[in-house]
1. What are the principal axis extents of the Cα atoms in the stretch 32-115, in Å, biggest first?
2. Fully extended, how many nm does the chain gain between E29 and E307 (0.36 nm per residue separation, minus their Cα-Cα distance)?
3. Charges on Cβ only, +1 for Lys and Arg, -1 for Asp and Glu, centred on the Cα centroid of the stretch 1-122; of Q36, N90, I71, which one is farthest towards the dipole's positive end?
4. In vacuo Debye scattering of the chain, one point per C-alpha: log10 I(q)/I(0) at q = 0.07, 0.11 Å⁻¹?
5. Excluding G168 itself, what net charge comes from residues whose Cβ is under 12 Å from its Cβ, given Lys and Arg +1 and Asp and Glu -1?
6. At 1.4 Å probe size, with the rest of the protein present, what percent of the exposed accessible area of the stretch 120-266 is carbon and sulfur atoms?
7. About its Cα centre, how strong a charge dipole does the chain have in debye, to the nearest 20, once Lys and Arg get +1 and Asp and Glu get -1 at the Cβ?
8. Got a sec? What order do E239, E29 fall in by accessible area at 1.4 Å, biggest, i.e. largest, first?
Amino acid sequence: MSNATINTSGRSRPRRLRKNQTVRNLVAETYISPSQFIVPHFVLGTENAEIPIPSMPGISELGLNNLLSTIDADLKIGISSALLFGHPDNAAHKTADGKAAWDPNGAVQKAASNLKKEFGDNLNVMTDVCLCAYTDHGHCGLIENGNVLNDASLDPLVRTALSHAEAGADVVAPSDMMDGRVAAIRDGLDKAGHSDVILLAYAVKYASGYYGPFRDAADSAPNKGDRQSYQMDPRNLLEALREAKLDEQEGADMLMVKPALAYLDVIQAVRNSSVLPLCAYNVSGEYAAIKAASANGWLDEATVVRENLMAIRRAGADQIITYHARDAIKGKWL
Ligand code: PBG
Ligand code: ZN
């Protein structure tokens, strides 16, 4: 008799461990704590504003006061990490060099300093470091004859990271994908006395169609060309390991894979090749797709959000950057 026949004869019955919720909780393999969530925020430099983002229901661009009250409420439900994105108040302030990115009075810089004053060490203030929302061409680095320059883009990125650190950011997160920017930013921070500022590298960032809603919100789409000469090719996995290793060698404290859901294999592979904390970014398009389908009654939002977030954790991510965090905690979806 084969083993399979013996098993189905009754000794081995996996269904015993699925009998009721209490048993299922006893043997559950994957958990998410609110402290593992990082919530992205679109920050405006004005005092009071709340501008809904049409393709991201439930998410708004927030003025500085609105940001404080939103984060205050998040802290009360256990969310203690905020990732800040900004763009110049006036599109006319976008320039070829993107210098508004390191303006000490920019929205992100003001927000970081307000938040640290208000919440101190109860909040991890994290900032996205990139130029695309501040350059008139919308690329993440400087351009010359339509090409995105690598080494020339490092200095403005370092300046931007430094301006965030000066404002009080606990974590700076470069998302530009220029080669060598982790080392350049680490050195820049250390030289300026910010050796305690944490560097979260967008180490493995794919050229993805899932960033669409974000680019509308942050007004950061390239006006010519695309990002394929610096973001990664979705066909590649070995390259992800190379990127992760380089960023680790350059001094990253934490790594990120982005997007999350179409790249669960990448999350797993990076998890198995590094011992650094690994973060996954459940991006705007992943959020928008679920919101749209559930608004139509085609998917049950609570069930699929739980399934997706657990899948990201099960694949090996330690932290999850997600727009669903607040709903998931408040709705007890986890
Ligand atoms: C900017 C940046 C992007 C995202 C985070 N930082 C967009 C892009 O690279 O085009 C995407 C986030 C999201 O879609 O939620 N470099
Ligand atoms: Zn960018």
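The values are calculated or read from the model by the stated rules, or taken from the named source; none is laboratory data. In this text, all values refer to a predicted model and were calculated from it rather than measured experimentally. Note: ideal-geometry Cβ built from the backbone for every residue, glycine included; neighbour counts use all protein chains shown. We work out accessible area using only protein heavy atoms, side chains counted, and drop any ligands, DNA or RNA first. Shrake-Rupley method; radii C 1.70, N 1.55, O 1.52, S 1.80 Å.
1. On the principal axes, the stretch 32-115 reaches 42, 27, 23 Å in Cα extent.
2. The E29-E307 span can extend by a further 98.8 nm.
3. The residue sitting farthest along the positive end of the dipole is Q36.
4. So the normalised log intensities work out to -0.30, -0.70.
5. -2
6. 46
7. Dipole of the chain, to the nearest 20 debye: 1980 debye.
8. Descending accessible area places them as E29, E239.
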